[in-house]
Amino acid sequence: MAGLELLSDQGYRLDGRKATELRKFQARMGVFAQADGSAYLEQGNTKALAVVYGPHEMRGSRSRTRHDRAIINCQYSMATFSTAERKRRPHGDRKSTEMSLHLKQTFEAAVMTQLYPRSQIDIYVKILQSDGGNYSVCVNAATLAVIDAGIPMRDYVCACTVGFVDETPLADLCYAEESGGVSSLALALLPRGGQIALLQMDARLHQDHLETLIEAAMTACKGVSKVLDEVVRQHLQEVSVLSGE
């Protein structure tokens, strides 16, 4: 797919969005009563479910215990029906392992693990429907689930995937754009302090474009932060009404 097809002369993308426009968000917190925290997030046509357990005592090997902080355990998976390809997706395949590691690194930068020494926090994220930006949607869903669990964070951690077409940065890529040969990067940000939790690139990008793309990603992440903040505030209002406060 040529770059010209991804962005029209009028500045519109395949799905009708402007270059810097995010996909539509829909989210719910507290979707599982059995978990300590949970959230369901739709970002465009990509849908993810995140569940958090903990902090709790360490499980498994005690050698992993940290006496000054909690250990964060992340597990990423994709539902068999999440894409048009109906292939078996075993736990522990290379892509899932890599994504789990990226999520772990991201949340280690955001969660205040020093408050829970000798403990473990488990974050499970499953992609129910995949249409691009899987890592970013997982981070955003997991952020809501961690907040729902009442685990203190330094800030919201928000993520977005951006690409570069015809000298123009595109925010929040869908699958058609990701698979269209676009140079892209995924960035996770703690917006208030401007701290980058994770930066991932899967394709070559000229260094002259890197700064522009990072700036576009940070701007998009700040937009995501506002959306997540609205979701959290709405959830708190609903909980307050239900509890009669």
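The values are calculated or read from the model by the stated rules, or taken from the named source; none is laboratory data. Only a predicted model underlies this, so the values are computations on that prediction, with no experimental measurement involved. Neighbour counts run over all protein chains shown; Cβ positions are idealised from the backbone, glycine included. Surface accessibility is based on the protein's heavy atoms, side chains included, excluding ligands, DNA and RNA. Shrake-Rupley method; radii C 1.70, N 1.55, O 1.52, S 1.80 Å.
A few points about this structure:
- Scanning segment 156-174 for residues that are farther than 20 Å from TYR40 by Cα and open to solvent by 10 Å² or more (accessible area, probe 1.4 Å) gives PHE164, ASP166, GLU167, THR168, PRO169.
- Residue count, segment 1-57 (criterion: modelled with pLDDT of 95 or more and exposed (fewer than 14 other Cβ atoms within 10 Å of the Cβ)): 2
- Restricting attention to segment 78-95, the residues being at negative phi, out of contact with any Ser or Thr (no Cβ under 6 Å at 6 or more places or on another chain) and modelled with pLDDT of 60 or more number 9.
- Any strands (runs of 3 or more DSSP E) falling wholly within segment 103-172 and containing at least 2 residues that are under 13 Å from the mean Cα position of the chain (by Cα): 119-129, 158-165
- Taken over segment 196-224, residues that are of a type in the set (Gly, Ala, Ser), within 25 Å of MET29 (Cβ to Cβ) and either open to solvent by 20 Å² or more (accessible area, probe 1.4 Å) or part of a strand (DSSP E or B) (or both) amount to 2.
- Here GLY193 passes the criteria (1) within 17 Å of the chain's Cα centre (by Cα); (2) in a loop (DSSP other than H, G, I, E, B); (3) within 18 Å of GLY223 (Cβ to Cβ) except the one numbered (1).
- The residues in segment 138-154 that are open to solvent by 10 Å² or more (accessible area, probe 1.4 Å) and without any contact (Cβ under 8 Å) to a residue 60 or more places away in the chain can be counted, and the count is 3.
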